[in-house]
Amino acid sequence: MTATTPSTSSAFPHWIYDGSDIPDPFGRGERAVQFLRALRHPKSILPNRGFQLDPWQERIVRRIYGPRHPDGTRIVNTVALMLPRGNRKTSLSAALALLHTIGPERIPGGEAIFAAADRKQAGIGFREAAGIIREDKRLVAATKLHDAHNAPKKLLFRRDASYLEVISGEGGPQHGRTPGFVLADEIHIWKGRDLWEALTTGLEKIDDSLLIVASTAGRGQDNIAFEFFDGARKVATGAVEDQSVLPILFEADAKADWTDEDLWHMVNPGLQHGYPSLAGFRRHAKRAARSVGERQSLLQLKLNVWQDASTDPFVDMAVYDEGAKPLDLDSLEREPCWLAVDLSSNIDLSVVVACWRTADGYAVHPWFFCPADRVAQDSMGEEIEQDAVSARERASGASYMAWKEEGLITATPGNVIDYSAVETCIVGLCERFDVQEIAFDPAMGQQVKQACAEMGLPVVDFRQIATLMMPAIHELERAILGGELRHGGHAVLRHCFANVVVKRNDLGQVVKFTKAQRWLSIDGAVAAAMAVARCAAGGASFYTSADLFTEEFFAG
């Protein structure tokens with residue numbers, strides 16, 4: 001591995017692999033390494049469960065603790081460690097925290113801190129440290145562990161009263177702390193700056209303190225993580241000279257070939273030692289080949305490529321376009337059909353989407369509605385620039401006038417959508433097709449739903465909440481990625497799918513469709529997810545008890 005490797009970023013820490021000399025005039029680097037090697041880890045496969053300190057990790061430890069000023073104080077006071085997921089960052093972090101709590105870097109009465117965005121995340125590193133302590137009876141006797149569930153977590157070294165404590169962004173203000181060591185974990189998900197400022201200003205109260213920021217890459221530029229790592233990157237590239245900052249940035253170049261396994265090994269130093277799982281990496285890459293969301297996940301979490309946008313697109317539109325084969329609606333007239341209705345507040349698109357089961361998956365077709373004044377606005381030529389929303393929609397590929405002329409949108413008179421036109425469309429679809437259900441989001445569709453119910457049409461509620469939208473979105477994504485969704489290449493529906501960004505939970509699961517800008521339309525994609533979900537269920541019971549007994553339910 002050489003310094004000319006083109007796939008990694010210009011800030012890549014090639015010194016970890018080049019065998020270059022690391023100064024250690026006082027032997028502090030060697031002392032730290034020997035302490036870590038003396039620890040035991042509950043998951044270690046080494047004899048006596050010895051702590052596994054691989055060569056790349058050892059180089060990092062020596063580089064942090066070896067170089068010193070003539071008076072013996074440390075040169076490095078801030079470590080920027082950007083390491084992809086699965087490379088045992090937590091184990092190394094826990095061992096370093098113990099180095100400052102019970103090891104030779106401790107200060108009598110000193111304060112070491114594990115800090116994270118929330119209690120759960122902060123507790124992960126602490127449990128790792130506690131597991132190491134419990135593997136050695138001598139350490140158990142020398143320390144006192146406070147590790148009760150939902151209680152403050154603390155490790156006390158009895159002899160010197162030095163301690164390791166867990167704090168999080170959920171814990172309120174932390175000003176007044178005077179830590180000698182702080183491990184800030186996964187700062188790319190920290191909210192706000194309060195905890196960060198409390199800790200960094202606290203470290204400045206004493207000499208020879210050490211801050212280690214250990215994280216994967218993040219998203220967006222309006223956060224402390226981007227600011228911090230961008231500063232470290234400037235130090236790594238020589239744009240800024242600051243010996244007190246040690247950048248250790250295992251990140252791929254944004255334009256690198258993410259399918260290159262040599263790149264995977266370069267950016268993931270643990271791969272050559274069996275972690276993370278290479279087979280798992282390959283499975284992720286296969287998913288990434290067809291899913292833009294999976295691709296961004298792989299780039300961010302496993303190759304540490306910082307993502308410009310703070311949101312995820314839903315699908316790769318090239319994959320979506322594979323379902324653009326012609327759709328013969330006449331041939332579907334006798335097939336069971338499910339309708340989903342997504343109504344706008346007034347000026348946005350409203351849509352009815354029909355879904356059928358076919359031999360190779362699903363077929364969907366939309367009927368869109370828009371105020372006529374909105375369509376006329378789109379035909380004003382240069383005057384459209386006076387309307388910022390319309391101008392931005394044009395820039396995004398929207399062309400309401402062209403869509404109306406092609407019969408892809410029904411324009412209703414006035415400056416708001418005439419819901420009676422939507423009702424007429426639904427009635428016509430029920431007369432033409434074998435409609436099993438018509439799903440409405442009651443938040444916006446109560447008026448049309450009530451009118452349809454009074455006509456005896458099979459209406460049902462489909463609330464656009466996470467417990468219902470998550471499985472609906474998952475089935476829609478599965479169908480698109482599997483080549484099982486035929487949509488006929490409908491231009492307005494495609495526009496809606498292209499505008500979708502997704503909101504994920506802590507497990508990376510998509511829980512909601514949203515949009516990057518309020519003026520973009522995603523209604524067709526939302527209704528498509530609803531229609532596909534009801535078609536997949538085939539009319540099965542719509543709500544589980546978990547869905548029913550919510551705050552909304554009890555509020556009526």
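The values are calculated or read from the model by the stated rules, or taken from the named source; none is laboratory data. Worth saying up front: this structure is predicted, and the values here are computed from it rather than measured. Neighbour counts are summed over all protein chains in view; Cβ atoms, including those assigned to glycine, are modelled from backbone coordinates with ideal geometry.
I'd like the full set of residues that are of a type outside the set (A, V, I, L, M, F, W, C), modelled with pLDDT of 50 or more, part of a loop (DSSP other than H, G, I, E, B) and closer than 20 Å to A443 by Cα, limited to the range 509-556.
R518, S521
Quick one: count up the residues across the range 120-156 that are outside any loop (DSSP other than H, G, I, E, B) and under 25 Å from L46 (Cβ atoms).
So the answer is 20.
Suppose we filter the range 295-318 for residues that are part of a helix (DSSP H, G or I) and at pLDDT 90 or above; how many remain?
Qualifying residue count for the region: 4.
Name the residue that is surrounded by the most Cβ atoms within 10 Å (Cβ to Cβ), counting only residues in the range 390-403 that are modelled with pLDDT under 90 and under 24 Å from V353 (Cβ atoms).
The residue in question is Y400.
Exactly one condition in (1) more than 31 Å from the chain's Cα centre (by Cα); (2) surrounded by fewer than 22 Cβ atoms within 10 Å (Cβ to Cβ); (3) within 17 Å of L476 (Cβ to Cβ) is not met by V319; state its number.
Just one mismatch for V319, condition (1).
Among the residues of the range 58-69 satisfying the criterion of being outside any loop (DSSP other than H, G, I, E, B) and touching a strand residue (DSSP E or B) at 6+ places or on another chain (Cβ under 8 Å), which is farthest from L183 (Cα to Cα)?
The selected residue is R68.
When you scan the range 321-338, do you find a residue that is farther than 30 Å from F368 by Cα, touching a residue at least 40 places away in the same chain (Cβ under 8 Å), out of contact with any strand residue (DSSP E or B) (no Cβ under 9 Å at 6 or more places or on another chain) and charged (D, E, K, R), even just one?
Of the residues in the range 321-338, the ones farther than 30 Å from F368 by Cα are none.
Within the range 321-338, not a single residue is farther than 30 Å from F368 by Cα, touching a residue at least 40 places away in the same chain (Cβ under 8 Å), out of contact with any strand residue (DSSP E or B) (no Cβ under 9 Å at 6 or more places or on another chain) and charged (D, E, K, R).
Taking the range 493-508, which residues are at pLDDT below 95, aliphatic (A, V, I, L, M) and not in a strand (DSSP E or B)?
So in the range 493-508, the residues at pLDDT below 95 come out as 494-508.
Then drop every residue that is not aliphatic (A, V, I, L, M), which leaves 498, 500-502, 507.
Scanning the range 493-508 gives A498, L507.
Give the number of residues within the range 24-64 that are surrounded by 20 or more Cβ atoms within 10 Å (Cβ to Cβ) and basic (K, R).
Count: 2.
Going by what's in this entry, would I189 be described as under 27 Å from T201 (Cα atoms), surrounded by fewer than 22 Cβ atoms within 10 Å (Cβ to Cβ), within 25 Å of the chain's Cα centre (by Cα) and hydrophobic (A, V, I, L, M, F, W, C)?
yes
Taking the conditions exactly as written (in a loop (DSSP other than H, G, I, E, B), assigned by TED's automatic domain parsing to the domain that holds V435 and at pLDDT 95 or above), does G483 satisfy them or not?
no
Among the residues of the range 253-306 satisfying the criterion of being surrounded by fewer than 17 Cβ atoms within 10 Å (Cβ to Cβ) and polar (S, T, N, Q), which is farthest from the chain's Cα centre (by Cα)?
Ranking the candidates gives Q272 first.
For the range 240-278, which positions are under 25 Å from T73 (Cα atoms) and either in a loop (DSSP other than H, G, I, E, B) or among the charged types (D, E, K, R) (or both)? Step through it out loud before you land on a result.
Step one: list which residues in the range 240-278 are under 25 Å from T73 (Cα atoms), which gives 240-249.
If the condition is that a residue be under 25 Å from T73 (Cα atoms) and either in a loop (DSSP other than H, G, I, E, B) or among the charged types (D, E, K, R) (or both), then V240, E241, D242, Q243, S244 are the ones that fit.
Pairs only if they're at least six apart or on different chains, beta carbon under 8 angstrom, first in the range 140-152 and touching a residue at least 12 places away in the same chain (Cβ under 8 Å) and under 11 Å from R119 (Cβ atoms), second surrounded by 12 or more Cβ atoms within 10 Å (Cβ to Cβ) and acidic (D, E); list them, first residue then second.
As it stands, the answer is P152/E165, since those pairs meet every condition given.
Would you point out the residue of the range 172-214, among those that are among the charged types (D, E, K, R) and assigned to a loop (DSSP other than H, G, I, E, B), that is nearest to H100 (Cα to Cα)?
Among those residues, the one meeting the criterion is D208.
Consider Q446 carefully, then state whether it is assigned to a helix (DSSP H, G or I) and within 37 Å of the chain's Cα centre (by Cα).
Here the answer is yes, as Q446 does meet what is asked.
Could you pull out the residue among L139, L81 that is touching a Lys or Arg at 6+ places or on another chain (Cβ under 8 Å), surrounded by 17 or more Cβ atoms within 10 Å (Cβ to Cβ) and closer than 19 Å to L36 by Cα?
L81
Would you mind telling me which numbered condition in (1) at pLDDT 95 or above; (2) small (G, A, S); (3) more than 22 Å from R534 (Cα to Cα) A340 fails?
(3)
So that you can scan it fast, the table gives a plain yes or no per residue for (1) within 30 Å of A252 (Cα to Cα); (2) surrounded by fewer than 22 Cβ atoms within 10 Å (Cβ to Cβ):
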position: L156; (1), (2): no, yes
position: I167; (1), (2): no, no
position: L183; (1), (2): yes, no
position: A217; (1), (2): yes, no
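If we scan the range 367-384, do we find a residue that is in the same structural domain as C430 (by TED's automatic domain parsing), of a type in the set (V, I, T) and either at pLDDT 95 or above or not in a helix (DSSP H, G or I) (or both)?
Of the residues in the range 367-384, the ones in the same structural domain as C430 (by TED's automatic domain parsing) are 367-384.
Checking the rest, the ones that are also of a type in the set (V, I, T) come to 375, 384.
Now narrow it down to the ones that are either at pLDDT 95 or above or not in a helix (DSSP H, G or I) (or both): none.
No, the conditions are met nowhere in the range 367-384.
From (1) in contact (Cβ under 8 Å) with a residue 40 or more places away in the chain; (2) over 14 Å from M82 (Cβ atoms), pick out the condition that doesn't hold for A217.
Going through (1) in contact (Cβ under 8 Å) with a residue 40 or more places away in the chain; (2) over 14 Å from M82 (Cβ atoms) one by one, A217 breaks only (2).
Out of I113, I102, which single residue is in a loop (DSSP other than H, G, I, E, B) and in contact with a strand residue (DSSP E or B) (Cβ under 9 Å, 6 or more places away or on another chain)?
Step by step, each of I113, I102 is checked, and only I102 is in a loop (DSSP other than H, G, I, E, B) and in contact with a strand residue (DSSP E or B) (Cβ under 9 Å, 6 or more places away or on another chain).
Tell me the residue from G414, G428 that is at pLDDT below 95 and either more than 14 Å from W338 (Cβ to Cβ) or not assigned by TED's automatic domain parsing to the domain that holds C535 (or both), please.
Just a single option satisfies the conditions, and that option is G414.
Could you check G72 against (1) part of a loop (DSSP other than H, G, I, E, B); (2) crowded, with 16+ Cβ neighbours inside 10 Å and say which number it fails?
(2)
Considering the range 215-239 alone, what residues qualify as being at pLDDT below 90 and either assigned to a strand (DSSP E or B) or among the basic types (K, R) (or both)?
R219
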